[in-house]
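Trainee: Before anything else, here's the structure in question.
The values are calculated or read from the model by the stated rules, or taken from the named source; none is laboratory data. Owing to the predicted nature of the structure, the values given are computational and were not obtained by experimental measurement. Methodologically, a virtual Cβ is constructed for each residue, glycine included, from the backbone with ideal geometry; neighbour enumeration extends over all protein chains shown.
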Amino acid sequence: MAQKIILCEGRVGNDALMNVAVAKAIGEGFEVTDISGFCTQDNKPMCFVLLKKTVVAAALFSPAPSSFDETVDVSLDCSTEGATIYYTTDGSTPTSASTPYNGPFELSATTTVKAIAIKNGVSSPVSSKTFTLAEAASNDQDTQEET
């Protein structure tokens with residue numbers, strides 16, 4: 001996990017350069033984990049801000065079997081607390097402008113679902129899973145056997 005420490009003269013929150021540095025770090029996907037102040041030996045106030053890089057886990061799909069008979073309810077989950085999941089069902093790569101995941105959704109045809117999770121502007125890797133209608137799967141097998 002990447003960490004960053006910003007040290008400055010002055011009291012916490014009173015140093016404009018520190019505030020700019022912290023804002024920039026947050027924009028780069030860091031989040032504040034600790035803010036402390038102390039005095040040097042000559043009583044000069046100092047402060048530091050400890051930040052850690054946000055890492056977002058990939059979205060997970062359920063159910064595990066990807067073949068279904070008539071319909072299937074697809075659920076998405078992410079182990080990163082506070083992450084928002086976005087998904088597509090048209091094969092395109094998801095972005096923060098894609099459909100936000102709000103609960104299980106139903107599929108009734110063979111579909112490739114792609115998903116990402118985003119927290120503090122940091123995206124997870126793209127997850128992808130194809131859910132196959134069993135009838136379509138058996139037709140594909142029949143076609144392959146005939147050729």
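Trainee: Cβ-Cβ below 8 Å, separation at least six or inter-chain, first residue in region 73-97 and under 16 Å from residue 55 (Cβ atoms), second surrounded by fewer than 18 Cβ atoms within 10 Å (Cβ to Cβ) and among the β-branched types (Val, Ile, Thr): which pairs?
Mentor: 80/55
Trainee: So if I check each of 103, 82, which one is modelled with pLDDT of 90 or more, in contact with a Lys or Arg (Cβ under 6 Å, 6 or more places away or on another chain), assigned to a loop (DSSP other than H, G, I, E, B) and not hydrophobic (A, V, I, L, M, F, W, C)?
Mentor: Just one listed residue meets the conditions, 82.
Trainee: Across region 74-117, what is the total count of residues that are among the hydrophobic types (A, V, I, L, M, F, W, C), under 24 Å from residue 27 (Cβ atoms) and in contact with a Phe, Trp or Tyr (Cβ under 7 Å, 6 or more places away or on another chain)?
Mentor: 2
Trainee: If you go through region 34-56 one residue at a time, how many are exposed (fewer than 15 other Cβ atoms within 10 Å of the Cβ) and either under 19 Å from residue 125 (Cα atoms) or under 19 Å from the mean Cα position of the chain (by Cα) (or both)?
Mentor: Residues flagged as exposed (fewer than 15 other Cβ atoms within 10 Å of the Cβ) and either under 19 Å from residue 125 (Cα atoms) or under 19 Å from the mean Cα position of the chain (by Cα) (or both) within region 34-56 amount to 1.
Trainee: Also: From the set of residues in region 52-79 that are assigned to a strand (DSSP E or B) and of a type in the set (Val, Ile, Thr), which is farthest from residue 132 (Cα to Cα)?
Mentor: This residue is 74.
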